[in-house]
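As structure tokens, the structure follows; a few thoughts come after it.
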């Protein structure tokens, strides 16, 4: 290749872009690439996610483990069963990926220019954003995208825990029906049920993007991997670091998002859900459903980043 692999990794993911790069009209490219990233992430990861959510929100008597949950779902509901609730994240991830990568790039640049490397000599290149800067930017981007992710994940979770094989017996016929019914009964606040838990969960994005920078630097410095290969390995490994650190908060979030919205509500705050999980199943309760989540993390996020980077490189 005529261009070093490190230069093929978009600057928004590794280092703040230069002023010349900022002037280039890249917004449409990021959106289009985000669409492909979202489709890839959904296709690869949603079946794992459905099993994860069902294990997180059910009791031990219903499913003995991830394999039992998968087999029962396929037996009773077919392949469509493991793709329940797929429409909200498919549409949502198109926008969430764009918002995530866009805000991440802005926060990195601002943090580097205002905090970590605010001054430089004339003609001197600005210093590289340190790992701590990537971690802080990751958390800030996580909080930003939470306001879009919360209602999407809320609707997805409620659709995923509909166990009836016949549509007529399900509370919601689809994402639009679910959104409409929740809005009519509980307003905008109902759609954003679980926002605080979402903000808590996405605070752990500091581990994702901090480790992504570490892995990217390692692979580009110590290996001869191509740009797509670097994207694949760094994206997959950093996603697993994220889930190992954040999984208990995701269990709490799913409990809240599948809780009743009316009089039968069990958890007034995320702390109530956390206490309930521990009271019911002890420390192990915070890790129920972790296996399908961990198995999903690498391929879904690795392929999503490869798709995103590939489309970005292909577009003019």
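Bear in mind that the values in this text are calculations on the coordinates, not laboratory data. This structure is a prediction, so every number in the text was calculated from the model and none was measured. Methodologically, a virtual Cβ is constructed for each residue, glycine included, from the backbone with ideal geometry; neighbour enumeration extends over all protein chains shown.
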Next item on the list: Please determine, in degrees from 0 to 90 and to the nearest 10, the orientation of helix 87-111 with respect to the longest principal axis defined by the Cα atoms of the chain, where the helix direction is its Cα long axis.
Entry: 40 degrees
Margin query: Using Stokes-Einstein with the Kirkwood hydrodynamic radius over Cα pairs, what translational diffusion coefficient do you get for the chain at 20 °C and a viscosity of 1.002 mPa s, in µm²/s rounded to a whole number?
Written below: 104 µm²/s
Item checked: Distance histogram in 10 Å bins (all Cα pairs of the range 220-281, percent per bin) -> 19, 32, 19, 15, 13, 3
Checklist line | Over the range 165-213, volume per residue of the alpha carbon convex hull, in Å³ | finding: 124 Å³
Check: Given the range 117-223 reduced to its alpha-carbon atoms as identical point scatterers, what log10 I(q)/I(0) does the Debye formula return at q = 0.11, 0.17, 0.18, 0.19 Å⁻¹?
Finding: -0.56, -0.86, -0.91, -0.96
Next item on the list: Counting other beta carbons within 10 Å of each Cβ, put 75, 313 in order, fewest first.
Entry: 75, 313
Notebook entry, point to check: Using a Gaussian network for the chain with springs between C-alpha atoms less than 10 Å apart, which of these wobbles most: 46, 186, 222?
Noted result: 222
Next item on the list: Compute the acute angle (0 to 90°) between the alpha-carbon long axis of helix 205-222 and the principal axis of greatest extent of the alpha-carbon atoms of the chain; round to the nearest 10°.
Entry: 40 degrees
Next item on the list: Under a 10 Å cutoff between Cα atoms, tell me which one of 274, 197, 141 has the largest fluctuation in the Gaussian network model of the chain.
Entry: 274
Next item on the list: For the chain, find the longest principal axis of its Cα atoms and tell me its angle to the long axis of helix 290-314, 0 to 90°, nearest 10.
Entry: 40 degrees
Notebook entry, point to check: What is the order of 249, 58, fewest Cβ neighbours within 10 Å to most?
Noted result: 58, 249
Next item on the list: Quick one: P(r) of the range 177-281 from all Cα-Cα pairs, 5 Å bins, percents rounded to integers, in order of increasing distance.
Entry: 2, 12, 16, 15, 13, 11, 10, 8, 7, 4, 2, 0
